Amino acid sequence: MTKRISLSLLFTVFVVLYLLPLGMRPLFIPDETRYAEIPREMVKTGDWVVPRINGLRYFEKPVMGYWLTAASLTAFGENNFSVRLATALSTGLAAVLIFFLCRVCLGRASPLPGLAALTYLTSLGVVVLGNVAVLDTPLTLFLTATLVSFFLATEQKSSSGREKGFLFLAGLFAGSAFLTKGFLAFAVPVLTAGPYLILQGRWKDTLRMLFLPVAGAVLISLPWANLIHQREPDFWNYFFWYEHIHRFLSDAAQHKEPFWFFLAAIPALFFPWILFLPAAIIGLWDKQWSINPEKRLFLFCLCWFFFPFLFFSASSGKLITYLLPCIPPLTILFALGLHHKLFNENKKTVQVGIAIAALIISLVLLFIAGFYFYSPEKLQLFQSTWKWILLGNSLAIMLFLLIGAFKQRDNQIKIILFALSFSLLFFTLNFTIPSQTITVKAPGSLILRNADNINSETLILSGEEGIQAVCWYLKREDVYLVDGAGELYYGLNYDDSRHRSLTPENAGNFIKEHPGKTILFARQREYSRWQSLLPEPVSIDSNGSDGYLFIYY
């Protein structure tokens, strides 16, 4: 890929996969509505120090991610596009850093930087997380910037001004990562930089190069850390012991999974490029490391992926999203091996990967056709015929592109066709979300169609499964929580907030005390548990079976 082609292609892929879809899908609960509501309340109250949701203290994360979304809401309004914009831009900037790092190490003539960035932008895990409002994506951006800056510092003359500048810059980015998701921001750089310097025989540098990054991290994180301590003295106690120590070590940690969980998750995160993994491994094995910067880049990325991966795997609590910071070095390692295999070796292993991809798409296409014509109506994925047609046509075009990639002799065009085929699928998935998923995970349409019936005097009760959505769509911070606190339990422990938590019996009495002024929003299964304890409703609106109810009293 020439520089012009690679940059224009990367920009087009970014716009199509990350910017265009931002407003196309409804917000999903609980994550997206949570990370929309907390910034909204920051903007409304003007309190940019203490994170709150539904007016309750929410101390699971620091504030940088909320600040980014709050800035977007301020600039573009309270809409789905604004909520997801910081995530999309974080993904694009991470790809720029990958491209830049490879370009610095390998030179302007190398097509490898474009290959690495394209691989990153078109990996399934990156696409999915780059299109939803989660904190793992800005965290990955800041950690990538930290480690790119540190690597560039190691390439400079010892104690030079450029080395010091890059080290201080690494600290600023590490501090930003800390403000996004906590102490993990320091673990990943240390687990990468320490082993890399030791393997390079630079033992003394492990301490010498530590001061400036620490200074940069302290400079950027200390102001807010001090403010939150003054405003809410219990923040650091809860955040450190529960959100870090408990989640990492406790047998009762949230999202507890076995050690091998992330190893099993890698193929899904790195699909479809995982199909070329044998080719990349063989390419790395056979490669002659004659260019010193390239060899050092390989070693650095190996440390960057391997040691944080082990660290994440050792943690008791695991979510697939936690692994996202390991994907940038994986894409660079993958590109180094695949590039060597494509341009210097026999391409049979690459052809096998494309053939497997074509076989998978063919089977999926047959399955979709069979499911449409022969599945019972209650199992239908989509209620609209056009969604079936769109998905089927996209898979057919994908298959055509993959066949073209298989036949193509030009290696650059071969890879581009492969990437574009799956980019088409990933873009199509924004329009073909299963109906049941919308019913269960996106109750926004139900809330909005009842919003005109709600005024400032209306008292709102909600079950824990949908309370973030209620607050976001109705723009309220005074919702009462019925039967369980969920993730809001900590905030409800304060004396000024305990009255906002109601048992089903208390909720029934509350409704009787405020006739004609109360509504209840709840999942169908929640309401079925409470129904006998609540008064008879005036009317009920629903978004479908197993979905949510909007109940008037």
Please go through the stretch 314-345 and give me each residue that is surrounded by fewer than 18 Cβ atoms within 10 Å (Cβ to Cβ) and in contact with a Pro (Cβ under 9 Å, 6 or more places away or on another chain), ordered by number. F343
Being on the phi < 0 side of the Ramachandran plot and buried (at least 24 other Cβ atoms within 10 Å of the Cβ) is true for just one of T69, T74. Which residue is that? T69
Among the residues of the stretch 251-287 satisfying the criterion of being among the β-branched types (V, I, T) and within 19 Å of P328 (Cβ to Cβ), which is modelled with the lowest pLDDT? I281
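Against the definition (farther than 22 Å from F422 by Cβ, assigned to a helix (DSSP H, G or I) and over 16 Å from the mean Cα position of the chain (by Cα)), how does V104 come out, yes or no?
yes
Determine whether L330 is at pLDDT 95 or above and outside the structural domain of F261 (by TED's automatic domain parsing).
no
Do we have any residue at all in the stretch 202-213 that's part of a helix (DSSP H, G or I) and under 22 Å from P62 (Cβ atoms)?
Yes: the stretch 202-213 contains one or more residues that are part of a helix (DSSP H, G or I) and under 22 Å from P62 (Cβ atoms).
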State which residue pairs qualify: first residue farther than 22 Å from C301 by Cβ and inside the stretch 197-220, second residue of a type in the set (A, V, I, L, M) and part of a loop (DSSP other than H, G, I, E, B) in any location, beta carbons under 6 Å apart, and separation of 6 or more residues or different chains. none
Sort out which residues of the stretch 273-302 are surrounded by 22 or more Cβ atoms within 10 Å (Cβ to Cβ) and within 23 Å of S149 (Cα to Cα), and write them in order of number. L297, F300, C301
Being more than 28 Å from L20 (Cβ to Cβ), buried (at least 19 other Cβ atoms within 10 Å of the Cβ) and touching a residue at least 24 places away in the same chain (Cβ under 8 Å) narrows L143, L169, L129 down to just L169
So which pairs qualify, if the first residue must be in the stretch 334-359 and within 24 Å of A109 (Cβ to Cβ) and modelled with pLDDT of 85 or more, the second must be of a type in the set (V, I, T) and surrounded by fewer than 23 Cβ atoms within 10 Å (Cβ to Cβ), the Cβ gap must be under 7 Å, and the two must be at least 6 apart or on different chains? G337/I281
Find the residue count for the stretch 286-305, including only residues that are in contact (Cβ under 8 Å) with a residue 40 or more places away in the chain and more than 20 Å from the chain's Cα centre (by Cα). 10
In the stretch 22-64, anything over 17 Å from the mean Cα position of the chain (by Cα), touching a residue at least 40 places away in the same chain (Cβ under 8 Å) and assigned to a loop (DSSP other than H, G, I, E, B) is listed as M24, V49, V50, N54, G55, Y58, F59
Report, by residue number, each residue of the stretch 482-527 that is touching a strand residue (DSSP E or B) at 6+ places or on another chain (Cβ under 9 Å), under 27 Å from S539 (Cβ atoms) and among the acidic types (D, E). D483, E526
Hey, among S421, S462, S456, which residue is buried (at least 18 other Cβ atoms within 10 Å of the Cβ) and not in a helix (DSSP H, G or I)? S462
If you check every pair at least six apart or on different chains, which have Cβ atoms under 7 Å apart with a residue in the stretch 483-498 that is within 12 Å of F59 (Cβ to Cβ) first and a residue that is polar (S, T, N, Q) second? L488/N54; G491/S497
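The values are calculated or read from the model by the stated rules, or taken from the named source; none is laboratory data. Everything quoted here is computed from the prediction, not taken from an experiment. FYI the Cβ positions are ideal-geometry reconstructions off the backbone, even for glycines, and counts take in every protein chain you see.
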